[in-house]
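Report on the structure given below.
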Amino acid sequence: DAGITQSPRHKVTETGTPVTLRCHQTENHRYMYWYRQDPGHGLRLIHYSYGVKDTDKGEVSDGYSVSRSKTEDFLLTLESATSSQTSVYFCAISDGQGSDSPLHFGNGTRLTVT
Amino acid sequence: KQEVTQIPAALSVPEGENLVLNCSFTDSAIYNLQWFRQDPGKGLTSLLLIQSSQREQTSGRLNASLDKSSGRSTLYIAASQPGDSATYLCAVRRSGATNKLIFGTGTLLAVQP
């Protein structure tokens with residue numbers, strides 16, 4: 001699992017409530033990513049980080065925000081959860097941007113918004 | 001817009017068979033292509049990464065090939081085992097982009113003992 005811990009592993013929440021998912025890595029990798037996985041859509045990038053306090057949007061960033069105050073932690077926040085955000089969320093890390101730099105994934109957080 | 005397709009969506013084979021999984025992409029301007037394995041309830045495990053300048057990569061019983069001009073990659077699994085049962089995903093990274101991957105929807109492989 002390349003030293004990646006996601007918490008919580010499962011969460012059920014109600015529409016309109018805020019939710020924060022955490023990704024913690026022990027690899028000291030510079031780059032961190034949040035993806036969501038949905039049937040029929042595969043994995044899609046939400047946000048990514050290229051360093052402490054440096055973040056950027058992915059292809060499905062609406063309704064999500066992120067923060068990275070330390071190299072090892074990357075937080076994903078749903079300010080006001082909606083049912084369309086029910087999904088499995090994966091954190092990924094990479095140590096570089098070269099063509100030989102693979103992504104390594106955590107085990108995911110299953111989020112259900114009722 | 002880059003689109004990645006994996007066909008078939010599901011495949012069942014008897015143990016010991018050699019098999020090929022297919023991945024196609026619409027834009028040949030890729031930086032690299034990565035194959036992953038996903039077990040139920042788990043994250044993705046990186047299997048092989050092929051850089052755009054490479055034609056193939058091998059790891060144990062796995063061999064991945066890349067043909068950029070035709071927009072295709074294949075993952076060859078030799079002498080399949082029940083433990084190979086999983087979903088296999090391919091993902092491409094666009095040239096010049098940060099390490100943002102475009103994923104296919106995967107092929108669910110079942111190897112029957």
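Scanning segment A:92-109 for residues that are of a type outside the set (D, E, K, R), facing chain B (nearest Cβ under 7 Å) and assigned to a loop (DSSP other than H, G, I, E, B) turns up A:GLN97, A:SER99, A:SER101, A:PRO102, A:LEU103, A:GLY106, A:ASN107, A:GLY108. When the residues of segment A:1-45 are filtered to those that are of a type in the set (Gly, Ala, Ser) and touching an Asp or Glu at 6+ places or on another chain (Cβ under 7 Å), the one that is modelled with the lowest pLDDT is A:ALA2. Candidates are the residues of segment B:8-44 that are in a loop (DSSP other than H, G, I, E, B) and within 14 Å of chain A (Cβ to nearest Cβ); the one that is nearest to B:LEU75 (Cα to Cα) is B:ALA9. Test A:ARG22 against the stated conditions and say whether it is in a strand (DSSP E or B) and under 30 Å from B:ILE7 (Cβ atoms). In short, no.
Mind checking whether some residue in segment B:57-79 is touching a Leu at 6+ places or on another chain (Cβ under 9 Å), buried (at least 20 other Cβ atoms within 10 Å of the Cβ), closer than 20 Å to A:HIS104 by Cβ and of a type in the set (Val, Ile, Thr)? Scanning segment B:57-79 turns up no residue that is touching a Leu at 6+ places or on another chain (Cβ under 9 Å), buried (at least 20 other Cβ atoms within 10 Å of the Cβ), closer than 20 Å to A:HIS104 by Cβ and of a type in the set (Val, Ile, Thr).
In segment B:88-106, how many are under 14 Å from B:GLN34 (Cα atoms) and either of a type in the set (Val, Ile, Thr) or free of Cβ contacts under 8 Å to residues at least 12 places away in the same chain (or both)? Within segment B:88-106, residues that are under 14 Å from B:GLN34 (Cα atoms) and either of a type in the set (Val, Ile, Thr) or free of Cβ contacts under 8 Å to residues at least 12 places away in the same chain (or both) number 5.
From A:GLU79, A:GLU72, which residue is among the acidic types (Asp, Glu), surrounded by 15 or more Cβ atoms within 10 Å (Cβ to Cβ) and more than 11 Å from chain B (Cβ to nearest Cβ)?
Testing whether each residue is among the acidic types (Asp, Glu), surrounded by 15 or more Cβ atoms within 10 Å (Cβ to Cβ) and more than 11 Å from chain B (Cβ to nearest Cβ) leaves just A:GLU72.
Contact annotation: residue pairs with Cβ atoms under 7 Å, 6 or more positions apart or on different chains, pairing a residue in segment A:52-75 that is at positive phi and at pLDDT 95 or above with a partner that is surrounded by 15 or more Cβ atoms within 10 Å (Cβ to Cβ) and polar (S, T, N, Q), are A:GLY63/A:GLN85.
The values are calculated or read from the model by the stated rules, or taken from the named source; none is laboratory data. Because the structure is a prediction, the values reported are computed rather than measured. Ideal geometry is used to build each Cβ from the backbone, glycine not excepted, and the neighbour counts take in all protein chains shown.
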